[in-house]
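Undergrad: The structure follows.
No lab work stands behind these numbers, since they all come straight from the coordinates. Quick caveat: nothing in here was measured; it's all calculated off a predicted structure. Cβ placement follows ideal geometry from the backbone for every residue including glycine, while neighbour counts extend to all protein chains displayed.
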Amino acid sequence: MIKVGLTGGIGAGKSTVARTFVEQGAYLVDSDAIAREVVAPGSAGLAALVEAFGPEILDDHGALDRAALAARAFTDAQSTQKLNAVTHPLIGARTAELFAAAPDDAIILHDVPLLVENGMAPLYDAVVVVHTDADVRLDRLVQHRGMDREDARQRIDKQATDEQRREVADIWLVNHGSPEELAAEALRVWNEELIPLRDKKSGA
Ligand SMILES: CC(C)(COP(=O)(O)OP(=O)(O)OC[C@H]1O[C@@H](n2cnc3c(N)ncnc32)[C@H](O)[C@@H]1O)[C@@H](O)C(=O)NCCC(=O)NCCS
Ligand SMILES: Nc1ncnc2c1ncn2[C@@H]1O[C@H](COP(=O)(O)OP(=O)(O)OP(=O)(O)O)[C@@H](O)[C@H]1O
């Protein structure tokens, strides 16, 4: 088994790389998905968020209004810290359960936006960073995902810098071309770097 950490700033293109690795058989542990799970309606996580940010972060059905929370949580560093203090321990506990369930010969792919921010690089056999210049990311998030530019910009401000990510990267993928080019490069990394790393570790 090997553990591969996949990271990059918001909108860098992690999803394309994760999809390629999963198609090849990676065991995916997706932090954004876990982050949603731990604040599902009725959860202790959601109750803790309401305690921290107020009932205005709930929609009419009592579920989390994600945009309302984002509008409160990313405005200043203290609010982001408050968000992280509630969610990150819950995400960490669920992540550990999913890692423990992986098969012995797995290539575990941990898709984790805040890998660098949370000092997690030493946990992995390899860290893959997807890099895209911030202005390109902002344009893509607004055009393709309908995201509010200011929201995206505020999140970028709360995340690691490109230099910090470069320092921990074992594999650096640049996503300035087409998604197909990125997927092809990810496939090369899978075949030429990750499979040999897993086989070396398992003594094959
Ligand atoms: C505030 C929330 C509800 C906003 O939801 P929304 O649907 O708009 O965004 P989503 O969760 O899909 O995240 C999109 C991207 O935003 C960025 N982002 C999310 N949370 C954070 C954070 N705490 N700090 C910096 N960037 C963040 C990441 O790049 C992430 O990939 C949500 O992001 C959240 O619960 N965040 C706290 C949990 C967390 O830290 N998640 C990041 C992965 S561990
Ligand atoms: N090479 C590309 N050319 C054009 N658009 C792209 C490219 N790569 C990604 N995108 C678009 O940019 C947006 C962000 O990409 P993606 O969702 O893969 O990023 P991510 O790193 O997973 O982001 P997040 O951290 O927000 O989860 C998406 O709407 C995607 O369709």
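Undergrad: Could you work out the relative contact order of the chain, using alpha carbon pairs under 8 angstrom and six or more residues apart, expressed as a whole percent?
TA: So the answer I get is 38 percent.
Undergrad: Let me ask something additional. Run a plain Debye calculation on the stretch 55-156 (Cα atoms as equal point scatterers, no solvent) and give log10 I(q)/I(0) at q = 0.10, 0.12, 0.20 Å⁻¹, rounded to two decimals, same order as the q list.
TA: These q points yield log10 I(q)/I(0) values of -0.40, -0.58, -1.25.
Undergrad: Please state the charge dipole magnitude for the chain, taken about the Cα centre, from unit charges on C-beta atoms (+1 on K and R, -1 on D and E), reported in debye and rounded to the nearest 20. Don't jump to the answer; show the numbers that get you there.
TA: Numbers: 21 positive and 33 negative charges, 39 e Å.
Using Cβ point charges on Lys, Arg, Asp and Glu, the chain gives about 180 debye.
Undergrad: Using only C-alpha positions, report the orientation-averaged shadow area of the convex hull of the chain, nm², one decimal.
TA: Numbers: hull surface 46.7 nm².
Answer in nm², one decimal: 11.7.
Undergrad: While we're on this one: Evaluate the Kirkwood expression for the hydrodynamic radius of the stretch 155-194, namely the inverse of the mean inverse distance over all pairs of different C-alpha atoms, and round to one decimal in Å. Please list the in-between numbers first.
TA: Values: mean 1/r = 0.0850 Å⁻¹.
In the stretch 155-194 this quantity evaluates to 11.8 Å.
Undergrad: Could I ask something else about it? Could you tell me the convex hull volume per residue, in Å³, taken over the Cα atoms of the stretch 32-104? Please report the intermediate quantities before stating the final value.
TA: Values: hull volume 6.7 nm³, N = 73.
In the stretch 32-104, the Cα hull volume divided by residue count equals 91 Å³.
Undergrad: Next question. Any chance you could count the Lys pairs in the chain whose alpha carbons are under 21 Å apart, treating pairs 8 or more apart or on different chains as valid?
TA: 5
Undergrad: Just from its helices, what would the mean residue ellipticity at 222 nm be for the chain, if runs of 4 or more DSSP H residues each count -39500 (n - 2.57) and the sum is divided by every residue, rounded to the nearest 500 deg cm²/dmol? Before the final figure, lay out each step's value.
TA: Details: 10 runs with 106 residues, N = 204.
Rounded to the nearest 500, it is -15500 deg cm²/dmol.
Undergrad: While we're on this one: In the stretch 46-195, with Lys and Arg counted as +1 and Asp and Glu as -1 at Cβ, which of these residues, 88, 176, 113, has the Cα nearest the positive end of the dipole, that is, farthest along it?
TA: Value: 88.
Undergrad: Give the residues of the stretch 15-29 whose amide nitrogen is closer than 13 Å to a point set 7 Å from the Cα of residue 1 in the direction of its Cβ.
TA: Answer for this model: 27-29.
Undergrad: If you average the alpha carbon positions of the stretch 46-90 and of the stretch 135-152, how far apart do those two centres end up, in angstrom?
TA: 21
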